[in-house]
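Peer 1: Quick one: the structure is below, questions incoming.
The values are calculated or read from the model by the stated rules, or taken from the named source; none is laboratory data. All figures in this text were calculated on a predicted structure; none of them were measured in a lab. With ideal geometry, Cβ positions are generated from the backbone for all residues, glycine too; neighbour counts draw on all protein chains shown. Please note that ligands, DNA and RNA were not included when accessible areas were found on the heavy atoms of the full protein model with its side chains. Shrake-Rupley method; radii C 1.70, N 1.55, O 1.52, S 1.80 Å.
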Amino acid sequence: QQQVKQSPQSLIVQKGGISIINCAYENTAFDYFPWYQQFPGKGPALLIAIRPDVSEKKEGRFTISFNKSAKQFSLHIMDSQPGDSATYFCAANRDSNYQLIWGAGTKLIIKP
Amino acid sequence: NAGVMQNPRHLVRRRGQEARLRCSPMKGHSHVYWYRQLPEEGLKFMVYLQKENIIDESGMPKERFSAEFPKEGPSILRIQQVVRGDSAAYFCASSPKDGSGNTIYFGEGSWLTVV
């Protein structure tokens, strides 16, 4: 119930393409869904986040799509660039609970 | 993120030695969280502290691990009698208050290698 399942484990996309990473959760009490970006040797940095009252949130080239009934959310990176190459983590928690539950991560490689 | 400062960035310890990892939260933040990340895995919550208080240590191994956040000075994660399985990246995060994850800022991590 506390798990967040993330896929794929790794992803290779051509420059300019769309990168799509998916996450699924089981706990219907979760109401905050962030995505973090982590470069090698660095800490995770918040990229974009969504709450279940909306089905989509867009910030620049990054979009979160949220499907409450399916208990799934995904990150889309449009016009992917080599600088987007990093590991991406989805996470979830309840707004009143500090403890983020993390996905296992997706290693994204953008080929020039 | 220059705000949350962790040191050392890299630490090598022999089996049986002690490891001490330090974390100075962002200015104005009174809540500190420690996470552990094994290679090719996500982050696992270890402990949540406020000044002079451990709020939640449910993710901490019962033995050899301890954490503190004194009134003055950095938060310290202490691992006694390290074993090879303790080799991991340890991330500290801080927030100005308890609440949702969007107020949590991570440091750049301390990489512990046990040889």
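Peer 1: Can you name the condition, by its number, that A:ALA45 falls short on among (1) open to solvent by less than 20 Å² (accessible area, probe 1.4 Å); (2) among the small types (Gly, Ala, Ser); (3) under 25 Å from B:LEU49 (Cβ atoms)?
Peer 2: Result: A:ALA45 fails condition (1) only.
Peer 1: Now, a different point. Just name the residue that is nearest to A:SER10 (Cα to Cα) out of those in segment A:48-58 that are touching a residue at least 12 places away in the same chain (Cβ under 8 Å) and exposed (fewer than 13 other Cβ atoms within 10 Å of the Cβ).
Peer 2: Looking at residues that are touching a residue at least 12 places away in the same chain (Cβ under 8 Å) and exposed (fewer than 13 other Cβ atoms within 10 Å of the Cβ), I get A:SER55.
Peer 1: Six or more apart or on different chains, Cβ under 7 Å: which pairs go from a residue in segment A:27-47 that's touching a residue at least 12 places away in the same chain (Cβ under 8 Å) and assigned to a loop (DSSP other than H, G, I, E, B) to one that's surrounded by 20 or more Cβ atoms within 10 Å (Cβ to Cβ) and of a type in the set (Phe, Trp, Tyr)? Could you list them?
Peer 2: A:PRO44/A:TYR36; A:PRO44/A:PHE89; A:PRO44/B:PHE106
Peer 1: Something else: Residues of segment B:1-25 being of a type outside the set (A, V, I, L, M), within 18 Å of B:GLY85 (Cα to Cα) and surrounded by 16 or more Cβ atoms within 10 Å (Cβ to Cβ), which ones?
Peer 2: B:ARG13
Peer 1: Considering only residues that are at pLDDT 95 or above and of a type in the set (Lys, Arg), look in segment B:58-83 and name the one that is farthest from B:HIS31 (Cα to Cα).
Peer 2: The qualifying residue farthest from B:HIS31 (Cα to Cα) is B:ARG64.
Peer 1: In segment A:28-42, what residues are facing another protein chain (nearest Cβ under 9 Å) and touching a Leu at 6+ places or on another chain (Cβ under 8 Å)?
Peer 2: Once the filter is applied, which keeps residues that are facing another protein chain (nearest Cβ under 9 Å) and touching a Leu at 6+ places or on another chain (Cβ under 8 Å), segment A:28-42 yields A:PRO34, A:TYR36.
Peer 1: Oh, and also: Among B:GLU41, B:GLU63, B:GLU72, which is the only one that is assigned to a loop (DSSP other than H, G, I, E, B), within 12 Å of another protein chain (Cβ to nearest Cβ) and not β-branched (Val, Ile, Thr)?
Peer 2: B:GLU41
Peer 1: So, one more: What number of residues in segment A:43-63 are touching a Lys or Arg at 6+ places or on another chain (Cβ under 9 Å) and within 13 Å of chain B (Cβ to nearest Cβ)?
Peer 2: Total meeting the criteria: 6.
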